[in-house]
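Right, one structure below, let's go through it.
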Amino acid sequence: MPGVLIALDYNQQWPLADMSKRFGNNASIGFGVHYKTTSNWVFGIDADYLFGTKIKQDSFVVNLLTSGGSILGTNGETANVVLHERGYIIGPKIGKIFPLREENKNSGLLVQFGIGFMTHRI
């Protein structure tokens with residue numbers, strides 16, 4: 001049976017390679033809209049909002065630090081500066097549902113492949 005599928009998701013992520021030098025673990029929350037065909041193919045698009053609080057890279061604030069390691073505000077007092085990672089991930093997906101039981105061919109193991117665009121900032 002064909003139909004439109006709505007997905008809500010939460011992901012916990014641990015960066016590797018170059019990203020792990022700049023950021024600690026982060027999370028994302030998102031949604032997707034997919035269409036399932038009668039032959040159990042699934043086509044759709046997902047979008048996730050990325051957020052994290054562990055920033056390992058400090059080279060961009062090193063010129064703002066005093067000898068005591070703090071940052072001064074415009075009034076000359078110590079400023080409370082909090083750094084966060086923010087971004088988004090968006091992209092299309094294609095997949096197929098492999099039924100595990102003959103009684104319900106619309107239910108089973110969903111295998112998906114997707115590509116996407118990711119951007120992030122501090």
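The values are calculated or read from the model by the stated rules, or taken from the named source; none is laboratory data. All values derive from a computational prediction rather than experimental measurement. Here the Cβ positions follow ideal geometry from the backbone for every residue, glycine too, while neighbour counts run over all protein chains shown. Accessible surface is based on the protein model in full, side chains and every heavy atom, while ligands, DNA and RNA are left aside. Shrake-Rupley method; radii C 1.70, N 1.55, O 1.52, S 1.80 Å.
Packing order of peptides 102-112, 32-42, highest average first: 32-42, 102-112 (average count of other Cβ atoms within 10 Å over each peptide's residues).
Modelled spin labels at Ile45 and Ile6, positioned 7 Å past Cα toward Cβ, are 1.7 nm from each other. Inter-part distance, region 88-108 to region 4-25, computed on C-alpha centroids, equals 21 Å.
Taking amide H positions as modeled 1.01 Å from N, with prolines and chain starts lacking one, the residues under 5 Å from Leu110 and 5 or more places away or on another chain are Phe98. Once the chain from Asn75 to Gln57 is taken as fully extended at 0.36 nm per residue, the excess over their C-alpha distance is 3.8 nm.
So, with a 1.4 angstrom probe, what is the percent of accessible area on the chain that is carbon and sulfur? Intermediate values should be presented prior to the final figure.
On the way: 5310 of 8690 Å².
About 61 percent, which is the carbon plus sulfur part of the accessible surface.
Helical runs (DSSP H, four residues minimum) scored at -39500 (n - 2.57) apiece and divided by the length of the chain put the mean residue ellipticity at 222 nm at -1000 deg cm²/dmol. Here the spin labels are modelled as points 7 Å beyond Cα on the Cα-Cβ line, and at Ser20 and Val33 they lie 3.8 nm apart. Solvent-accessible surface of region 7-122, taken per residue with a 1.4 Å probe and all protein chains present: 70 Å². Taking Cα centre as origin and charging only the Cβ of basic (Lys, Arg, +1) and acidic (Asp, Glu, -1) residues, the dipole magnitude of the chain rounds to 240 debye. Karplus-based coupling profile of region 68-76, in residue order and whole Hz: x, x, 10, 10, 8, x, 5, 8, x, with θ = phi - 60° in 6.51 cos²θ - 1.76 cosθ + 1.60 and x standing for Gly or Pro.
Dipole of the chain computed with +1 at Lys/Arg Cβ and -1 at Asp/Glu Cβ about the Cα centre; of Gln12, Phe51, Ser67, farthest Cα towards the positive end is Gln12. Note that the chain shows a convex hull volume over its alpha carbon atoms of 125 Å³ per residue.
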